[in-house]
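One structure is given below, encoded as structure tokens.
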Amino acid sequence: MKVKELIVALEQLNPEMEVIGFTANGDKFNDANRVYELKELKLAKAHRERARTKSVDATLNFAPGGEDQAVLYLTSDF
């Protein structure tokens, strides 16, 4: 994702929303030194699972009945 693409995507969202980074791949405890490429920023319907389960991990459960989330999709495969 180029800076100009990120700016355009951000302008489409509510400026008061938090942006959440999400990757569908990667090792849970080996991400500290990993570099990520920004793939896409968009509004998605999802539940924040850490807030609901109180587990150590945090994730998003994408569901039509979820809350609006500003999700920045990341990948380490580039």
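The values are calculated or read from the model by the stated rules, or taken from the named source; none is laboratory data. Remember, predicted model here, so these are calculated numbers, not experimental data. When we count neighbours, we look across all protein chains shown, and the Cβ atoms used for this are built from the backbone with ideal geometry, even at glycine. All accessible areas refer to the heavy atoms of the entire protein, side chains included, with ligands and DNA or RNA removed. Shrake-Rupley method; radii C 1.70, N 1.55, O 1.52, S 1.80 Å.
Details
- Considering only residues in the stretch 18-53 that are open to solvent by 90 Å² or more (accessible area, probe 1.4 Å) and part of a loop (DSSP other than H, G, I, E, B), the one that is modelled with the lowest pLDDT turns out to be F29.
- Of the set (1) at pLDDT 90 or above; (2) assigned to a loop (DSSP other than H, G, I, E, B); (3) out of contact with any strand residue (DSSP E or B) (no Cβ under 7 Å at 6 or more places or on another chain), all apply to L13 but (3).
- Here the stretch 58-78 is the region considered, the condition is being modelled with pLDDT under 90 and in a loop (DSSP other than H, G, I, E, B), and the residue that is least open to solvent (accessible area, probe 1.4 Å) is S76.
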